Amino acid sequence: MAMGSSERELPAQAWPSRRGRIGARTSLILYCVAILIPAILSLSIAYQWNHVFASIVSVLNIVFMAMMLSQFALSSRGRWLYRLMGIDHAMSLHRRIGEWIAIFFFLHPFLIVLPRLWFAPELVWSDLWLSFTQTSVATGVYAWMILIVWTLVSIAKAKAGLSFEAWRYSHTIGFGVVAVLGVLHAIDVGRHGQLQPLFNWIWIAGGTAAVLAALWGLTGRARAMDARTFRLVEVRKASASDWELVLENDLRLPFAFEAGQFAWIGATRSALLRDEHPFSIASAPSELPVLRFVIRELGDFTRQLSRLKPGSRIRVDGPYGDFSLAGRSARGVLLIAGGAGIAPMLGLLRDLAPDQARLPIRLLYGNRTASQLVAQDELRALEARLPDFRQVIALEQTDAAVGAHHHGRMDPDFLKAHLPPHEEIAGCLIFVCGPPVMVEHVVAHLIRLGVPKRVIVYEEFGF
Ligand SMILES: Cc1cc2nc3c(=O)[nH]c(=O)nc-3n(C[C@H](O)[C@H](O)[C@H](O)COP(=O)(O)OP(=O)(O)OC[C@H]3O[C@@H](n4cnc5c(N)ncnc54)[C@H](O)[C@@H]3O)c2cc1C
């Protein structure tokens, strides 16, 4: 596919941004610095040069403890976090760090007795027994056991038949208890706190901030959200599996967004019930005060949308996310959508349409069947109206309507055939959105095909 055209050499188009965020890399560096502060302070108290292993484990304990406490801030959905790194980055950081924390603290009691294997192997079992039975470490043992149970629940939440809301509640409360017990354990037996009691204030302050962030997430933010409702205009069928939800900001609440961003939506009377779900805004900012969403039927929440009555109040918390052209520039844009991943792409395209963008734009749109395709009339009209826009459809299952579409998944051959020429890729932007598995595969294929990471912008439909 020649997405760009060398004869025409269009200048790169730049999109301004209103957000003033500091960028993913800088925010990650700031995060690492903040996490390392307690460990750096601890070095001035009790680094034992003659016990290298014990000192390394002790510093790691402090780093992972700080990481655990920071988890509550990362998942708090606070406005400050949005400014700093974006909710999507914060949530994916939260998930990845959570995995590391679970592994490290599971190993924690074993790491402490590990040196015994070399110096006094006959004492390993008695040391292990002591590290689980001494009264002084009881808080740590409880924290360890709850951590294991809640980690297993998180891994198997779907198989356990737990609803997402129930899981979210129990996740916050369960890990809140782990954090409080962890802080008590650090104060009870932490070497640095015993040598310099002031050090314990780091844990007391961190633990208090974590509990407050968790309480804010469970109640305070929910209460604030109860006042932010939009009117439901209509819910209509968008495809065999998707609904289009149309809302109106009839109370004229402050709400501005950039095309491609998402919002949390809740349909119950109070956000305290934590029924909020994230959905990409499929309309353009110019359509405000109207907001449109394309929502695939998947589970409890999305299945009951069609039963909502026009005029109902819907809570809208947003906008969030960085899946937008704002603050970026490109000579060409490739949009790759799987299933409901078409929603933010429609937002981006609907935002471009009035500009009659001269940019080469391609949409690769994958679905299982033709009956699941959304907004086909509109996308065909865009193909006719925009100077250089084309949609390429990939369908997994053949049916009567397949016609000229690609048959199969968006595999490396398909992607390769529709990528811009190699020499043009660096000047393009590639947006990928859809279910997590699809996004992971497509992004991995693109990287294997030589696409530089920095031109790929992706959003997974799952945190
Ligand atoms: C940033 C983002 C944007 C999204 N945009 C869209 C969109 O435009 N259209 C669309 O159809 N879907 C979108 N999703 C996915 C959508 O949020 C889920 O499909 C929906 O929440 C499922 O809820 P359910 O109760 O019907 O299904 P469930 O069976 O409860 O959930 C199915 C899966 O959806 C995810 N999920 C459920 N509830 C939540 C929640 N509250 N927060 C985060 N993830 C959740 C989980 O991975 C869960 O395993 C988006 C997800 C994210 C993270």
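The values are calculated or read from the model by the stated rules, or taken from the named source; none is laboratory data. Just so we're clear, the structure is a prediction, and the values are computed from it rather than from any experiment. Note that each Cβ is placed from the backbone with ideal geometry, even for glycine, and that neighbours are counted across all protein chains shown.
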**Request:** Output the helices (runs of 4 or more DSSP H) that fall wholly within region 34-135 and possess 3 or more residues being under 27 Å from Leu215 (Cβ atoms), or say none.
**Result:** 52-74, 79-84, 87-113
**Item:** Residue ID - modelled with the lowest pLDDT, chosen from residues in region 191-211 that are closer than 14 Å to Ser58 by Cα and buried (at least 22 other Cβ atoms within 10 Å of the Cβ)
**Value:** His192
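Here is a list: Arg83, Arg77. Which entry is at pLDDT below 90, basic (Lys, Arg) and surrounded by 15 or more Cβ atoms within 10 Å (Cβ to Cβ)?
Among Arg83, Arg77, only Arg77 is at pLDDT below 90, basic (Lys, Arg) and surrounded by 15 or more Cβ atoms within 10 Å (Cβ to Cβ).
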**Prompt:** Can you name the residue in region 136-182 that is charged (D, E, K, R) and in a helix (DSSP H, G or I) and, of all such residues, is modelled with the highest pLDDT?
**Reply:** Arg168
**Message:** For region 234-266, give me each residue that is surrounded by fewer than 21 Cβ atoms within 10 Å (Cβ to Cβ), small (Gly, Ala, Ser) and within 15 Å of the ligand (Cβ to nearest atom).
**Reply:** Ala240, Ser241
**Request:** Give Val432, Val439, Val443 a once-over and let me know the one that is closer than 19 Å to Gln261 by Cα, within 16 Å of the ligand (Cβ to nearest atom), in a helix (DSSP H, G or I) and touching a residue at least 12 places away in the same chain (Cβ under 8 Å).
**Result:** Val439
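Table: residues versus (1) modelled with pLDDT of 85 or more; (2) under 23 Å from Ser329 (Cα atoms); (3) out of contact with any His (no Cβ under 9 Å at 6 or more places or on another chain).
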site: Gln356; (1), (2), (3): no, yes, yes
site: Thr369; (1), (2), (3): yes, no, yes
site: Glu378; (1), (2), (3): yes, no, yes
site: Ala417; (1), (2), (3): yes, no, no
site: Phe431; (1), (2), (3): yes, yes, yes
site: Phe461; (1), (2), (3): yes, no, yes
**Prompt:** Out of (1) within 12 Å of the ligand (Cβ to nearest atom); (2) modelled with pLDDT of 90 or more, what's the single condition that is false for Leu308?
**Reply:** (1)
**Request:** Report, ordered by the first and then the second residue, all pairs with beta carbons closer than 9 Å, sequence separation of six or more or different chains, a first member in region 166-187 that is over 28 Å from Asp300 (Cα atoms), and a second member that is hydroxyl-bearing (Ser, Thr, Tyr) and surrounded by fewer than 18 Cβ atoms within 10 Å (Cβ to Cβ).
**Result:** Val177/Tyr142; Val178/Tyr142; Leu181/Tyr142; Val183/Thr208; His185/Tyr142
**Request:** Being on the phi < 0 side of the Ramachandran plot and away from the ligand (no atom under 16 Å from the Cβ) is the filter here, so list the residues in region 327-341 that pass it.
**Result:** Arg328, Ser329, Ala330, Arg331, Gly332, Val333, Leu334
**Message:** I want to confirm something. Restricting to region 267-292 and keeping residues that are surrounded by 17 or more Cβ atoms within 10 Å (Cβ to Cβ) and of a type in the set (Lys, Arg), which single residue is nearest to the ligand (Cβ to nearest atom)?
**Reply:** Arg274
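Yes or no, residue by residue, for (1) in contact with a Cys (Cβ under 7 Å, 6 or more places away or on another chain); (2) within 16 Å of the ligand (Cβ to nearest atom); (3) of a type in the set (Phe, Trp, Tyr); (4) farther than 30 Å from Ser324 by Cβ:
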site: Phe110; (1), (2), (3), (4): no, no, yes, yes
site: Pro121; (1), (2), (3), (4): no, no, no, yes
site: Trp125; (1), (2), (3), (4): no, no, yes, yes
site: Val149; (1), (2), (3), (4): no, no, no, yes
site: Trp167; (1), (2), (3), (4): no, yes, yes, no
